[in-house]
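The values are calculated or read from the model by the stated rules, or taken from the named source; none is laboratory data. The structure presented is a predicted model; accordingly, all values stated were derived computationally and were not measured. Neighbour counts run over all protein chains shown; Cβ positions are idealised from the backbone, glycine included.
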Amino acid sequence: MLRYKIWMAEGAVDCMAYWWVSQNQTHKQEREGGYLWAPKSGSSGAVFTHWSNMTLVRPGDVIFSYADQSIGAIGVASSAAYDAPQPEEFQGGWNNDGRRVDVVYRTIAPAVQLSAFVDGLIPLLPDRNSPITKQKKGVQGYLFSIPPKAGQLICDRLTFVAPVDQIVADALERTVPDETTREALVKARVGQGRWRRDLLRHWSGKCAVTGLEVEGLLRASHIKPWRDSDNRERLDVFNGFMFAPAYDAVFDLGLITFENDGSIVLSDRLPANQLVAAGISELAALTSLVDQQRAYLAHHRGSVFRT
């Protein structure tokens, strides 16, 4: 549990990263064992980025397991990297001193061939430290960071397995022991995936109250909280608002809610003399509302709002 508290203190829940791991020699052992492992350095003492990337992985990060020219599993990190010797089941000649990341894998059957999505993927990959060359060949190396748009493209190709947001949340709920940390991780991870993109489209890229259009500042906020929702509700585009940061925070804490006509309701626990400082207007209202959202708001008013 200490590691989870450290990640929270470091702000590690703020964003989800996507990783590509090339496991041609070790994919069977790592998938079955539920981990990533890499040495800290080569035999000459050289340190390589594709190994040191292990230190950047955080719980909830998505990992694409690549071997035999295909993605055969999707993983979700359930720990940060920690010191660990080379697994006994490995037959490689690496240094014994290494790092391990615990991973929850979901097998993809049949595996998705690289050729099925490589043309769309290559323009989204970085020019340096990319797992795939411009000539559509795999790069020798282990763990590669890939940009969010590249990760999202691969996720979209894998939706036949399960929504990736759901895979991430399920993995975190199984592996993160502290409830507060788990909820923060789930909120951050799911708030950046496909559900967020669907919500952005639904709200035309704007805050549902203020009209703020700076995408990087917008937060995807569940109306009926994740912990209270079933699997369908958790990824329902109607169970969410795009909010500016201030409205996301107070709505999530139950310090505001909204009536069925969209008008704001203020909690007595949010003093009137603090509204301006908090960035909240007592005249605020949702710009639009449909019946599906009203049903979720009824739950928010009854179970989240603090009178």
Can you tell me how many residues in the stretch 122-148 are at pLDDT below 85 and within 18 Å of residue 75 (Cα to Cα)?
-> 1
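Every residue, every condition in (1) of a type in the set (S, T, N, Q); (2) touching a Ser or Thr at 6+ places or on another chain (Cβ under 8 Å); (3) closer than 19 Å to residue 172 by Cβ, yes or no:
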| position | (1), (2), (3) |
| --- | --- |
| 220 | no, no, yes |
| 241 | no, yes, no |
| 246 | no, no, no |
| 254 | no, yes, no |
| 272 | no, no, no |
| 284 | no, yes, no |
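Please verify whether residue 88 is free of Cβ contacts under 8 Å to residues at least 24 places away in the same chain and not assigned by TED's automatic domain parsing to the domain that holds residue 24, treating the condition exactly as stated.
Numbers: free of Cβ contacts under 8 Å to residues at least 24 places away in the same chain: yes; not assigned by TED's automatic domain parsing to the domain that holds residue 24: no.
The answer is no for residue 88.
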Across the stretch 126-160, what is the total count of residues that are more than 27 Å from residue 29 (Cβ to Cβ) and either assigned to a helix (DSSP H, G or I) or aliphatic (A, V, I, L, M) (or both)?
-> 5
Listed by range, strands (runs of 3 or more DSSP E) wholly within the stretch 1-98 having at least 1 residues that are within 21 Å of residue 167 (Cα to Cα) and at pLDDT 90 or above are 18-22, 35-39, 62-67, 70-77
Can we say residue 176 is touching a Ser or Thr at 6+ places or on another chain (Cβ under 8 Å), crowded, with 20+ Cβ neighbours inside 10 Å, farther than 29 Å from residue 293 by Cβ and not assigned by TED's automatic domain parsing to the domain that holds residue 27?
-> yes
Single residue of 112, 139 found to be more than 30 Å from residue 228 (Cβ to Cβ) and surrounded by fewer than 17 Cβ atoms within 10 Å (Cβ to Cβ) = 139
May I ask you to verify whether residue 102 is more than 16 Å from residue 21 (Cα to Cα), touching a residue at least 12 places away in the same chain (Cβ under 8 Å) and assigned to a strand (DSSP E or B)?
-> no
Tally the residues that are in a loop (DSSP other than H, G, I, E, B), at pLDDT below 95 and of a type in the set (A, V, I, L, M, F, W, C), restricting the search to the stretch 271-282.
-> 0
If we ask which residues in the stretch 196-234 are assigned to a helix (DSSP H, G or I) and touching a Gly at 6+ places or on another chain (Cβ under 7 Å), their number turns out to be 2
